[in-house]
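K.L.:
My questions will all concern the structure given below.
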Amino acid sequence: MKKKTLFVCAALALVLTGAGLVLDSRYGLQVTEYNLYFDSLPAGFEGCCIVQLSDLHGSSFGRDNSRLAALVREQEPDMIALTGDFVEDESQLAATRGLLEGISGCAPIYWVNGNHEWVKGVLPALRELLDSCGVVRLENGYLPLSRGGAQIVVAGAEDPNGYADMIKPDALAEMLREEYPEDFVLWLGHRNYWAEKYPDLPVDLILSGHAHGGIVRLPGIGGLLNVNHSFGAEYESGVYQGETFKMVVSRGLGNSIPVPRFLNRPEVVKIILHCGQS
């Protein structure tokens, strides 16, 4: 009888622990900080702080996303990059509105769409929301950003789920380089395929998401799943080196598939830019 009781208690403890880890991977928040060094970065951007948010998928952290917004403000960013998949249907606009209103005014905010915004047909309402909150919609465009008497260029490539006649990323980069041949380029693009599909893109730093950190993460192994439910996640989290650029992949904040995030806390990415080599 004692053995049976011990077994039941152990099984219950295991279930409760697993449930707690799943809940933490849904509602917990983690700041991951990267210090990145570039010979091409102008001196005026030394110490520039970028906060990246990705893949919200309608999730809420506190009432009106107040907990998430407060965490972003605590990082004292110089700019905020939003790399898509925040909204899957119009019912999720409220969660994004709460976040945007909570961080509006603390730094310039730049946006690029993900695959879900295009597929679900929410762009008209989303664009109206972004504009009302003062968010810069890059949408296959680019513009200079000034700091400390210097400038860099911020560019945003739309997800390939967009219109068939959209300009392709390599053509956009070529057009950008004709206008800004020497400037440091910060490139926002939702998908995490840049190091394989566009390995020699003429930019300096790419911020992406899409992989959700591999959904299920194991210590010493990393992410296990792609967002299409297949095994063997690649470029799912962290900093990667392409031929011409560094790439940061956010684990994101939410989820879009039935498999729950596990050992995979929602992530706020904080990037500090430095001149020269580490």
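K.L.:
Can you spot the aspartates and glutamates whose alpha carbon is less than 13 Å from LYS168's alpha carbon? Ignore those fewer than 8 places along the same chain.
P.N.:
Within reach: GLU139, GLU158, ASP159.
K.L.:
Got a sec to turn the phi values of region 99-105 into Karplus ³J(HN,Hα) couplings, 6.51 cos²θ - 1.76 cosθ + 1.60 with θ = phi - 60°, whole Hz, x for Gly and Pro?
P.N.:
5, 4, 5, x, 10, 4, x
K.L.:
I'd like the orientation of helix 123-132 relative to the chain: the angle between its Cα long axis and the longest Cα principal axis, in ° from 0 to 90, rounded to 10.
P.N.:
For 123-132 against the chain, the angle is about 70 degrees.
K.L.:
Next question, about the same structure. Note down the accessible area of GLU76, probe 1.4 Å, to the nearest 10 Å².
P.N.:
About 140 Å², ignoring ligands and nucleic acids.
K.L.:
Note the angle between two axes, namely the Cα long axis of helix 169-179 and the longest principal axis of the Cα atoms of the chain, as a number of degrees from 0 to 90, rounded to the nearest 10.
P.N.:
40
K.L.:
Which ³J(HN,Hα) values in Hz, rounded to whole numbers, follow from the phi angles of region 208-218 under the Karplus curve 6.51 cos²θ - 1.76 cosθ + 1.60, where θ = phi - 60° and Gly and Pro get x?
P.N.:
So the Karplus estimates, Gly and Pro as x, are 9, x, 6, 7, 6, x, x, 6, 9, 10, 10 Hz.
K.L.:
Right, another one. State the Cα centre-to-centre distance between region 231-278 and region 85-122 in whole Å.
P.N.:
Taking the Cα centre of region 85-122 as reference, the centre of region 231-278 is 19 Å away.
K.L.:
Continuing with this model, one more query. If I ignore ligands, DNA and RNA and count only protein heavy atoms, how much of MET175 is accessible to a 1.4 Å probe, in Å² to the nearest 10?
P.N.:
Approximately 80 Å² for this residue.
K.L.:
Mind listing the long-range amide H neighbours of GLY242? Cut-off is under 5 Å, sequence gap 5 or more, other chains count too, H placed in the peptide plane at 1.01 Å from N.
P.N.:
Sorted by chain and number, the residues that satisfy this are MET247.
K.L.:
Can you sort CYS48, CYS275 by 1.4 Å-probe accessible area, starting with the largest?
P.N.:
Per-residue accessible area, sorted high to low, gives CYS275, CYS48.
K.L.:
So what J values fall out for region 133-147 if you push phi through Karplus, 6.51 cos²θ - 1.76 cosθ + 1.60 with θ = phi - 60°, rounded to Hz, Gly and Pro as x?
P.N.:
9, x, 7, 7, 8, 6, 6, 6, x, 7, 7, x, 10, 9, 6
K.L.:
Fully extended, how many nm does the chain gain between TYR37 and HIS274 (0.36 nm per residue separation, minus their Cα-Cα distance)?
P.N.:
Once the chain is fully extended between TYR37 and HIS274, it gains 84.9 nm.
K.L.:
Of VAL259, VAL249, which has the most accessible area and how do the rest follow, probe 1.4 Å?
P.N.:
Per-residue accessible area, sorted high to low, gives VAL259, VAL249.
K.L.:
Let me spell out the model: positive unit charges on the Cβ of Lys and Arg, negative unit charges on the Cβ of Asp and Glu, origin at the Cα centre of the chain. What dipole size does that give, in debye rounded to 20?
P.N.:
Computed charge dipole of the chain: roughly 1780 debye.
K.L.:
Hey, another quick one. Taking the Cβ of SER54 as the center, what net charge do the other residues with Cβ under 10 Å away carry, scoring Lys and Arg +1 and Asp and Glu -1?
P.N.:
After counting each charged neighbour, the total is -2.
K.L.:
Next up: What is the local net charge at VAL112, summed over the other residues whose Cβ is closer than 13 Å to its Cβ (Lys, Arg +1; Asp, Glu -1)?
P.N.:
-3
K.L.:
Using Cα atoms only, what is the angle between the long axis of helix 2-27 and the major principal axis of the chain, expressed in degrees (0 to 90) to the nearest 10?
P.N.:
Between the helix axis and the principal axis of the chain, the angle is about 20 degrees.
K.L.:
Moving on. So what is the 222 nm mean residue ellipticity for the chain from helices alone, if each DSSP H run of at least 4 adds -39500 (n - 2.57) and you divide by all residues, rounding to the nearest 500 deg cm²/dmol?
P.N.:
About -8000 deg cm²/dmol.
K.L.:
Excluding same-chain residues fewer than 8 positions from LYS270, which aspartates and glutamates have a Cα within less than 15 Å of its Cα?
P.N.:
Answer for LYS270, where 15 Å is the Cα cut-off: GLU33, GLU46, GLU74, GLU76, ASP78, listed by chain and number.
The values are calculated or read from the model by the stated rules, or taken from the named source; none is laboratory data. Note that the coordinates shown come from a computational prediction; the quantities given were computed from them, not determined experimentally. Every residue, glycine as well, gets a Cβ built from its backbone with ideal geometry; the counts of neighbours run over all protein chains shown. Note: areas computed on protein heavy atoms with side chains; ligands, DNA, RNA excluded. Shrake-Rupley method; radii C 1.70, N 1.55, O 1.52, S 1.80 Å.
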